[in-house]
1. Going through the cross-link list C:K444/C:K790; A:K50/C:K379; B:K22/B:K203; C:K41/C:K432; B:K135/B:K311; C:K403/C:K452, which pairs have a Cα-Cα distance over 25 Å in this structure?
2. With a Förster radius of 41 Å, plug the Cβ-Cβ distance of C:D791 and C:E172 into 1/(1 + (r/R0)^6) and report the FRET value to the nearest 0.05.
3. Of the peptides C:730-736, B:260-266, how do they stack up when ordered by the mean number of other Cβ atoms within 10 Å, highest first?
4. Bins of 10 Å, beginning at zero and ending with the bin holding the largest distance: percent of Cα pairs per bin for region B:221-325, please.
5. Quick check on chain B: of the DSSP beta bridges with both residues there, what percent are antiparallel, nearest 5%?
6. log10 I(q)/I(0), Debye, Cα-only region B:20-60, no solvent, q = 0.32 Å⁻¹?
7. At 7 Å along Cα-to-Cβ for each site, give me the label-to-label distance between A:T29 and B:E146 in nm.
8. With a Cα-only, solvent-free Debye model of region B:165-215, what are the log10 I(q)/I(0) values at q = 0.22 Å⁻¹?
Amino acid sequence: MTSEPIQITKRPRKIRGTFLVNGEEHDVTYPSHKTLLEVLREELALTGTKHGCELGECGTCTVLIDGEPILSCLALAQAYENTPIETVEGMADGSDLHPLQEAFVEMGAAQCGYCTPGVLLAAKALLEDRPAADRQDIKDALAGNLCRCTGYIKIYEAIELAAARMRGEQAEPAREAFYGR
Amino acid sequence: MLRLPPCEARFPTSIAEAVELKAKYGPEASYVAGGTDLYPNMKRRQQTPYHLIDVRRIPQLDRLEVDADGGLIIGAGVTLTRLIRDGRVAAGWPVLGQAAATISTPILRNMGTVGGNLLIDTRCNYYDQSYEWRKAIDFCMKKDGEICWVAPSSPRCWAVQSSDLVPVMVALGAEVILVGPEGTRTIPAQALYHNDGIEYLTKKRDELLVSLRVPAMGTAKATYQKLRRRGAFDFPVLGVAAWIRPNGGGTVADARVVIGAVGSYPIVSEAAAEALVGHALEDDTIDAAARAAAKPAKPLDNTDFTIGWRKDMVAVYVRRALAALR
Amino acid sequence: MGGRAVGRYGGTVGSEVGEVSTTDIPPYRPTALPPFSIIGKPLPKIDAAAKCLGRTKFADDIVLPRMLAAKMLRSPHPHARIVSIDTSRAQALEGVKAVITGSDMPNAFGILPVSQDEHALEGDHVRFIGDPVAAVAAIDEDTATQALELIEVSYELLEVIGSIEDAVANPEPQLHDYADDGNLHKLVHLEFGPVDEALERAHLVQEDLFFYEGSTHLPMEQHAAVAEYGGNRRLTVWSSTQTPHYVHRALEKVLELPRSRIRVVAMPNGGGFGGKSDPFGHELVVAKLAMLTGRPVKICLTREEVFYCHRGRHPVIMKVRTGVTADGTITGMDFESYLDGGAYGSYGVASVYYTGALQTVTYQVPTYRFRGVRAFTNKAPCGPKRGHGTPQPRFAVEVTLDKIAERLDLDPAELRLKQLQPADSLTANWLKIGSMGLRACIDKVVEGSNWKTCFRNLPYGRGLGLACSSYITGAGLPIYWNSMPHSGVQLKCDRGGGVTVFCGSTDIGQGSDSILAYIVAEVLGVEPMEIAVVTGDTDLTPVDLGSYSSRVTLMTGQAAIQAAGRVRAVMVGPVAGKLEVPAERLVFAGGVVFDAQDPERGMSFAEAVALTETATGTVGSVGSYRPPKSPGRYRGAGVGPSPAYSYSACIAEVEVDPETGIVQVPRVWIGHDIGRSINSSLVMGQVEGGVYMGLGEALMEEMAYRTNRNVTHKWPSMLEYKSPTTHEMCDVTTYLIEDPDANGPFGAKEAGQGPLLPVMPAVANAIYDAVGVRIDEVPMSPPKVHRAIKDKARGKEPRFGPSGTPTVRWPEVTYVPRPVDGGDGKAHPRPEPAGTGG
């Protein structure tokens, strides 16, 4: 039972390709079986993209392709060459945080911070699609991003705060979000 | 990090090219679109094709249109998100979006395709495990082993049909268009499936699922009711698709009740349909149909939840589905 | 120092330069009342921006030149002897740099000194599927994975102990020869006061059986570790650990390398919840492989392997008999718990005691007996998960009280309110209670939920349930016996006004790094962002025992207050001298040190540091904290004592679909007695997160095994282990009760674990209110609820739960006279029951 090696029919082969990440071109020579997650983290040192299961069961590895969130752990890198990819590292504008990042900091929406990059990107895609997203829209959009720390509540509050600000409103956090009732 | 086995993708831009590639590489190759079913399986070494034929760049697979007869043509490569968001689909076939929106998560639905969902591998929690896990039980007959751990005396595999769209497509009388080296064939969706956990498809290995055609709903109504633990991620442990065509007098002219996730293929309940046809959707009729539909359902201990409860839930969910069509 | 007045912050007033002594300075006491400038404010965490930018480096994000990848081969058998291991084929594979097995690391380790029963790689005896037996370092992970397949292990299968019943019935084959009895790892029998008499005389004795299924932490981050062995023969291990100090000790023991040559760096944890509190084989393995290869080595576990690391919630069967008077006053409680411990000791001895320790701290329990047993079984080891050993008995106690209230026709809230354990009291089992804010917690949730109107009055299918709980704010005793501080803080002030705090604590997402910054900032009157925090690094930081038992805010907070107070004490002399104001009038606030009576008279904090440095040399200090001694002195009294207890009350609203048994929880009201919030926003986050994790345990999370299929884990994946999504999470209305505790820093108590505890029983009680059935089991999954509803309709007992307990031979009782008996906290022979004669 223990002595049957996996049948390795083929050796990994390296290929070359160009990845357009956060507006920058990267020419990469990489093993053809690598997922986009692995290329981002291991070939491009963009370790802001995290991983929690590598099977599409947690949402942690979410990145944006053409603005739409996908699971980089289930994306064969080869299929995403020459395609605009956005990772959490691309969200800020220079030293200025994206309004979502700003609101996440302000509300305490990142506890351990491990699901945060994926959540931020899913939220960004949502708000670009629906600037007036309500709580239910947010819940629906984030149903594929597990968070074990926050119970999602501070995340909802942060997204709502950012959304309001992105719409140009003068929004402040609700007092009870910070102090309870 | 759980990684893919060595593999390499090709990106054909025509059906012919894709079919040719598949014929060339044979069992070493697999068609793939969203990859949300195949890649997890590859990482768990349930399937290890080296050549991946990514069909998402074939224009015909990207079609989403209404044909001259009012039928809906869905290219196999249309993502679930696109299906859900399409206005014509929402207006003419609302059940499709309703069912598709229950599949996994919004992020996964941006990748997963209609074709992929129709072909997803049957599932079993003795099978959907890592290579190392499966080794600890000396594997199962679906991959690398001899027996079916769900029913060890069984000569067959009991892995579960776990697609949300399959029962709906069968209920709606959809047809699927397959292209292989021997040409094109069009078969009813129902005929795509086999009652076997391993050979669950009648599609030949080299055939490519190109598209589906869903007939116009006309006066018919349909719904899909899904049972699962959580509102996202989870595969169905029970899926009920019900389609009803009423006649003018308020009775049922035609009906189809299809039960998913309680067997290796979608179970079409002829008995439930019989109980409905000619009757109004009164409580008694619905009850009779629900009881009839529940009979052939045979949940086994290879998904979430207990089998007795899953069996009990069949009638409940059929009843709810039919009540929703009143 | 004669004649000089002592300032408010401990400095000697008007002292001359050079006369300031740090040795005789009384400790800084935060006597100042609010308003504070920092404490209590919902400030951002100091590491929040980095986390939102994707810049925080977790262990798996570390990349070092020439780094190798490691993988571990794990046992495919639940119980076996290793006959032989042949690694020659793996060694020969191109790209493989080292292969090791148990014989390379023969020394045992374990978190508790009494359970040194683990090996980095098991050499001759594997005890569960997933037990590691060999490891490979190779040029990449693919190669390492492939090499594992080439290692040939020959096993001799042993009889499997699949359950606690199996363990009771089969003393052989033993998993560990040090067990108390056969495969029963630990047996406990404690008694406080004449409990049998109390039960005999009770108006009513409520007897219940409960089962609480095991569950796991499921941190989003999979455990990872990197090791490097430098040319100077020093070893560095970076790890996603909650307890770098214990990893440090395990590395020393297993590698036989002095701790002075080992540096352990705890990386930010991508969630811990107790799951990264043990030293793990993989941490030792990468260290060994780094030493053998001379290259850095990294391992990152797969999600499945994280399930095998586990050390999470024990499955526990419980039996509780509670005697009450006609008005519901508890007169005695007899509690039994049966823990399925899995394959190793881990924290298990503490876990057993914890299932019996905190029953007494919420309501007065005048007489109390606890019997507990932990069995070894061939499953992944259990240990501490958020609430360590107390959610299970808390579930039992709170549901049993609900049943008592029902039988006596009393309001469950009133039943509890009338017998709260008083503040500043001793419990029957000698736990010292300080502040106690449970009354306010109950009042708040009762009011907020409209309990008085809604309870028992909602339509069929909807219900409310109440439950309360308490948790320790740090364990009173360290894990290994010593009298040293539990927390140390070192402070260094820069001439530019920057302050660096060094502390061995580990931020697992709860914000402990930020807490250090807030506290030091408050005492020194500077901004938290001007404080650099260096934590969890055995080379750089003084020891803190780790992020477990909700100890960090209180213990590091007190150490930080002491350290910062000492810095102030050093600074006030030179500053007062320079400003020519009495030292006691100096105020440190807003980045300035100034005269309270004449705020114009002052200097910047940076100037004050420079002045002090000129006067006395480098400005820095140390602080440390040791919890107060507990009055309990019997064997077992080490588990339960804490400097302070937090309290929570929770009301859950449920909607039960009677046709399916599916339970939804739309809303939870929770009151939490935090003592005082250091940062109220972080407290809110902990409360909400606790409710979330509690909800998952209440409804769906299960660490399930197929006992009849080789004891395989049923679903070691994030898909099949059900963690609630946004769709299942309830709304939470939180009330923070601030009742400062004398032992807490600025009065603060814990928030990380306590608020999880009342959620499960509140849901169970709400289900009863909704549909009239008792689910005496966790999780309360739909099939169980459905079954109970069907049974009720058929006239059977409307209940789902266990029907019995295993039969265990309990050891001789340890009888401890209570405080009320005039006891001394020690065990004594049990007196003859009164009235039975000679």
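1. C:K444/C:K790; A:K50/C:K379; C:K41/C:K432; B:K135/B:K311
2. The calculated FRET efficiency here is 0.55.
3. Going by the mean number of other Cβ atoms within 10 Å, highest first, we get B:260-266, C:730-736.
4. Percent of Cα pairs in each bin: 17, 50, 25, 7, 0.
5. Antiparallel: roughly 80 percent of the beta bridges in chain B.
6. -1.11
7. Each label point lies 7 Å from its Cα, and together they span 4.9 nm.
8. -0.79
No lab work stands behind these numbers, since they all come straight from the coordinates. Quantities reported herein were computed from a predicted structural model and do not represent experimental measurements. Neighbour counts run over all protein chains shown; Cβ positions are idealised from the backbone, glycine included.
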